[in-house]
Every structure is written in C-alpha cells, then in structure tokens.
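Participant: This is the structure, below, for whatever I ask next.
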Amino acid sequence: MSAPTAVQPEANNSAFYLPDFCATRTVFVVVLIAQLVALVLTLAGGNRDLDFWIEHARNGAFLLWIALGTAFVLCAVRKQLARLSIARASALVLALIVAVTALISELAYRLGESFTQPGTELGQLFPIEHGPFLLRGALISFIIGALALRYFFVTHEWRRNVEMEARSRIHALQARIRPHFLFNSMNTIAALTRSDPQKAEEAVEDLADLFRANLSEARAQIPLKEELEVARIYQRIEELRLGARLKVEWRVNDVPMRAMVPSLLVQPLLENAIYHGIERLPAGGTVIVAGERNGDMLRLSVANPIPTDPHPREREGNRIAIANITQRLELAFPGQSGIETTQTAENYVVTLTFPCIELP
Amino acid sequence: MSAALKILIIDDEPPARDRLKRLLEELDECQFVGEGGTGQEALKLADELKPDVVLLDIRMPGMDGIEAARHLADFEAPPAVIFTTAYDQYALDAFETQAVGYLLKPVRREKLERALAGATRPTRAQMAKLARMSPTGARRSHIAVRTREELKLLPVDEIRAFIADQKYVTIRHPSGEHLIEESLRSLEDEFNPDFVRIHRSALVALRHIEAVERVADGGYAVRLRGSVESLTVSRRLGGELLRRIRARD
C-alpha cells in the first residue's frame, strides 16, 4: 500500500500556496498551461512561411521543455522554498521560471545554429536573432509565470477556506452531542446506581470514553479499529437505555482494522441509525454495520429499519452529519471517496467508500 | 387519611421506568399501578387502571406523550398528567407559568413529590400550546374511540373516510364504523393534505381512493379500498379531487 500522497497539509507553513511540483497532477497542470500558451502563440504569430500545424508543433515542443524543466527545478528546490516567506518564495519561483526559459531558449538557439542552415525548411523552425529571441521568451515566461502563480495562490486560498470550514464544522459537530442522549444516559445511570451498581460504573466509564473521543482535538485519521471501538462504546450505552429493542449486527470481520479513517466516521452514523430508526420503533430493530474490502477500496455501510410513521422526524441532524462526513472523507481522500444514501420503504442505508490505506 | 394516589408510569426506556418506580416506593401515599412504553399503552392502561396521575414521557416511538395527553384529556374522568422529559425545550416553554406539569430526567425525589402533590390536568391552553410547538405537529397519529367496553385506537393511516351525519361524524375503518364527536371541518384542517373533502358531508383518505367513477348525471363518485359502495362527489369539489389524485400518483 502506498502512503497517502495528497493529504499532507503543510504543518509549519499552511499559507504556503505552491503545489507539489513533484506530483504527477501538478506536472500535468503545468504541461497543460504550457500547451495552451503554445496554442496562443501560434494563433497570434501568423507566420506565413510555416504551415500552422508545423509551427504549432514547434511551439508545443519548445514550451514542453520549458514546462518540464520548470517543474523539475521547482520540485528540486521545494523544501528550500517552503522555508521562505510567501513574497520571497514567489519572487524566487518567478526568477527560476525566467531562468529556465532563458536556458532552454539559449539551447534551442544553439541547436539551430549548429545543426541547420538558415533558409532551409528545418532552419525555419529555429530562431534567427539571438538577443531579441531570449528577451521575448523571458518576458513571456515572466508574465505567464506570474499568472500561473496567481492561479495557484487563488486555488490554494479557496481550498484552505474549504478546509477551515470543514474543520470548524467538525468542532461544531463534536460540541453538539445530542442533549437528549446526554440526559437520557444520566437518567439511565441514576437508575442503575442502585439496581446494578456494577453496570452503572461501566456506563460511567463508557460515557467518559465516548465524551473523550468526541471532545478530543480532531486527529486527522485514526485506525479503523479505534473508530469501531468508539462506536461499540456508544452501542453499549444505548443498549442499557433501549434494552432488547436495540440490536446491532457487526459484519466487519473482513475489513483491515489498521486501515486509517477520519475520526468519528462510524459512530455518528450509528447514532443516526438509532435516533431516526430504532428509537422510533416500538419493537425496535437491528442496525447492521457492514464492511468489506474491494481491492484498494474499503466500503463501510450502516443500515437501519425506519418507522412507517406519519411524522417524519426532523431530518436536519442527519443531513448535517452526512454532509460533515462527506466533507471529512473528501479532505482525507480527495477525489477518491464516495458516500451514498439509499432509502427503501423499510430501510435506510448509508454507504461510505474510500481508499484502504494501512499503516505499516 | 385519604386513599393513596394511583400512579401510572409511561416511558419507552426500561431504566427510566425502574427509577421512577423506585422513587415512588419511597414516597408515602403513592401507589404504583402500572407501566407502559408507548402512547397507545398509556391510553389502554389509563382506561383499565383509572390512575389518578400519569407520569408521561414526551418522546416515545409510535404515539408520543403529547398526543397521548390529548387523548387522555378526552376521557370521561381524565387523569392528571405530569410530563417527563430529558430535554424538550418546547415542552418546558409550554409550562413556563406552572412548574408542576413536567419533570426533567433524571428526576429528583423532592421535585417528584412536589409535582405529585400539585398534579393537575394540563389546561386546554397548555395542551394547545404543546401541540402547536411539538415537532410532530398538531396532527394526531390515532383517533381514540370508545366501544362498549374498551378504548380503541384507530391509526389515522388506516381510516378510509369521515362521514358527517347530523351531530356525529362516522369513521369508516377496516374494523368497522365508529362515531366521534368532532366537526368535519376541524378534522379536515388537522389531516390536510392526506384527506380530501369530496362532499359537504364526506372527507376521504387520498391514499385509500381506489377509483373515481363517472356516474349517470355526469358527476363523479369515489370508491374506497375494501368497499363496494361509492361515495358521491359534489360537482363543486370534483375538479379539486382529480387534481389531488393526479398529484398523488
């Protein structure tokens, strides 16, 4: 299993906006920018001596070298860049872009000079004047480079806002332990204190563990084993309260317990299944928590029976929890996770799909 | 010395019931008579056991406490009701002026004692306010009817039609016909949009309409599930009925 690549937020300098130029995705973006610039140059150039496509191929090839060269250099100096202030790093990156462009231009000029005759068909592809060619290239690369940096900066800012919003929602959700749950649990403990002191003691311990998990700083990811443990603690408390009405079936034997998941992934789903399902059924029912591994992906699902009752309970809480989990999964596994809710006449199922990443 | 207060406990959580039972054991002049876990059970048991006070949980599966209290208020000799709740802000608001009508869980012994001493029936105004503020709305899930001996609860979902007949309203239900003393107008308001008025004297369940037939004089008639006879649709209401049925399907 490979380590997660995209989920490495800058711990020390979260304002640092440059993407990782060693990553394939970023290289692709850089190449794309270069090819677009090449197309613009060809379209604007209108060189009557050359066929349009030949000229475009020439420009494309030339800019591809610049793009790959720039990505290579920026990849190499990434660590050093991260230590600089935003302004300095940006200036340095711009200077590097211009330098790489100048270098590639110089090489192109030399190549044309030594291997081709001016006036021949091949010679037409290479620059003739030395100084102006380099100057034009430097200016164009400076402008495009500045625009690209601006683009990366804006994208990064936007992403950072999304992340911060997600984090604040996590905190909001954690603070929002359902008051009903809290007071009902207290009531259960009050009842057990005399009738079954040992159970009461266990309930207090479970409640403490559950609150600790809910209140702790959102660790980015925890092993699935820990997350399922929190869900089981929650189940034990609810079992005391609901008695035989609540049954939970765990079908998780086939999932790797070391797989890393965002914290509070399963427990809120179990809570919703009980709050909207079991608690509303006079005879109760069974919640099924199932997990399976499918190649590199993990699937977790929580299914609960739903009451056929004329008053659908406020679904607001459920929507918030689902939106919150969606967002945190997306943060942990960008573009690779999915969440799906299906509702039939009798059942409500939430299914999460995300990459299975095991710590060694 | 007066007879002990007969008390019925209704809560869907067994430990919550146990705790109240134990607290009652410690109080003088209180007699625990029974317990149940849903609004339906509250009504059945109250009808059988004739308690003086019902300790009634608000949030329960099936029929909730608020609706149960509304039905209890219609009893011939309604018991006093004390709501118990873990956290229902709206319920507390409904009792702002009178602190004896509800208890917060976990219930304190002194408060239970005080509440029992001052237990009364919720006033009409309190009930109306509770129903209005309840998240489930003012709509009942059941209609309580009294047959010769027992109290019967008809799930509103199963009711086919309400037919007005001079002073009474007849409920058509798979179990038979039942009389209640309510106006068709208030029933229509409460159960809109699930029931549709087809005649000055008839309100039918949209979901149980099996067919709309044309009749000889150019008007319509409605046939309900499990019934052979048809109900006449008044000319004025025919268009609205067809529109609602199309929206349903």
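Participant: Just name the residue that is nearest to the other protein chains (Cβ to nearest Cβ) out of those in segment B:120-137 that are closer than 18 Å to B:Leu43 by Cβ and assigned to a loop (DSSP other than H, G, I, E, B).
Facilitator: B:Thr136
Participant: Of all residues in segment B:32-46, which are within 13 Å of another protein chain (Cβ to nearest Cβ) and β-branched (Val, Ile, Thr)?
Facilitator: Correct list: B:Thr38 only.
Participant: Residues in segment B:169-193 that are surrounded by 18 or more Cβ atoms within 10 Å (Cβ to Cβ) and within 14 Å of another protein chain (Cβ to nearest Cβ): how many?
Facilitator: 1
Participant: Hey, among A:Ser301, A:Ser263, A:Ser337, which residue is without any contact (Cβ under 8 Å) to a residue 40 or more places away in the chain, buried (at least 16 other Cβ atoms within 10 Å of the Cβ) and away from chain B (no Cβ under 14 Å)?
Facilitator: A:Ser337
Conditions (1) within 21 Å of A:Phe142 (Cβ to Cβ); (2) surrounded by 18 or more Cβ atoms within 10 Å (Cβ to Cβ); (3) at pLDDT below 85, marked per residue:
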residue	(1), (2), (3)
A:Arg48	no, no, yes
A:Phe52	no, no, yes
A:Cys75	yes, no, no
A:Ala89	yes, yes, no
A:Leu96	yes, yes, no
A:Gly112	no, yes, yes
A:Gly119	no, no, yes
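Participant: Only residues that are assigned to a strand (DSSP E or B), modelled with pLDDT under 90 and within 22 Å of B:Ile171 (Cα to Cα): list them for segment B:213-241, please.
Facilitator: B:Ser230
Participant: Follow-up. crowded, with 21+ Cβ neighbours inside 10 Å, away from every other protein chain (no Cβ under 14 Å) and closer than 21 Å to A:Leu331 by Cβ: is that true of A:Leu215 in this structure?
Facilitator: no
Participant: So for segment B:3-21 (the condition being small (Gly, Ala, Ser) and more than 14 Å from chain A (Cβ to nearest Cβ)), does at least one residue qualify? Step through it out loud before you land on a result.
Facilitator: We begin by selecting, within segment B:3-21, every residue small (Gly, Ala, Ser); these are B:3-4, B:16.
Retained after the next criterion (residues that are more than 14 Å from chain A (Cβ to nearest Cβ)): B:3-4.
Yes.
The values are calculated or read from the model by the stated rules, or taken from the named source; none is laboratory data. Since the model is a prediction, treat every value here as computed from it, not as a measurement. Reconstructed Cβ throughout: ideal geometry from the backbone, glycine too, with neighbour counts over all protein chains shown.
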